[in-house]
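Take a look at the following structure, please.
Just so it is clear, none of the values below were taken in a lab; they were calculated from the coordinates. These numbers come from a predicted model, not from an experiment. We place every Cβ from the backbone using ideal geometry, glycine too, and count neighbours over all the protein chains shown.
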Amino acid sequence: MDQTLHALGVLFLKALPTFFLVLLLHFYLKRMFFAPLQRALKAREEATAGARKLADQALATAERRAAEYDAALRAARAELIREQEQKRNQWRAESATAASEARQSAHAAVKQARLEIAAEADTARQTLAAESQSLADDIARSILERRAN
């Protein structure tokens, strides 16, 4: 057993320089490789988070502007519809006024035509009355002359 312990001691002494070399390599790599790598990853994460924050802000701004644009568009459409409706109402009123004027003009024309027809009828009655009296006299004369002959 002594020999085994002695052999282990010798092995341990031979392994000590390797152990210290590995330990030294560990601290060297930690300081020279992993620390800068951690700093770079941290900076990258901060930059990414900043970029995400800026992107979120830009997206929020874009959404706000899109909402404002939609609201302005809806307002413009409502205004256009209101103006169109106002114009239609104006046209309807003008059309109703023109139709009323046309009706009044037609009634006036009909009334004037009735008056003219009545006047012509009176003139025709008077003419017929005068002619009928003249014809009656002629007929009576003609009959009396035939009887007298």
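Give me the distance in nm between label points sitting 7 Å out from Cα along the Cα-to-Cβ direction at Glu120 and Leu5, one decimal.
Output for this residue pair reads 15.7 nm.
Also, I was wondering about something else. Please enumerate, by chain and number, the lysines with C-alpha under 26 Å from the C-alpha of Lys30, excluding those fewer than 8 residues away in the same chain.
The reachable lysines, counting only those whose Cα sits under 26 Å from Lys30, are Lys14, Lys42.
On C-alpha positions alone, give me the angle between the axis of helix 2-29 and the longest principal axis of the chain, in degrees, nearest 10.
Once rounded, the angle reads 40 degrees.
When each pair of different Cα atoms in the chain is counted once in the 1/r mean, what is the Kirkwood radius in angstroms, to one decimal?
Hydrodynamic radius (Kirkwood, Cα only) of the chain equals 29.6 Å.
Using θ = phi - 60° and the Karplus form 6.51 cos²θ - 1.76 cosθ + 1.60, what ³J(HN,Hα) does each residue of region 47-63 get, whole Hz, x for Gly and Pro?
5, 5, 5, x, 5, 5, 4, 4, 5, 5, 5, 5, 5, 4, 5, 5, 5
Next question. What value does region 78-148 have for Rg/Rh, both radii from Cα atoms and Rh as Kirkwood defines it?
That ratio equals 1.70.
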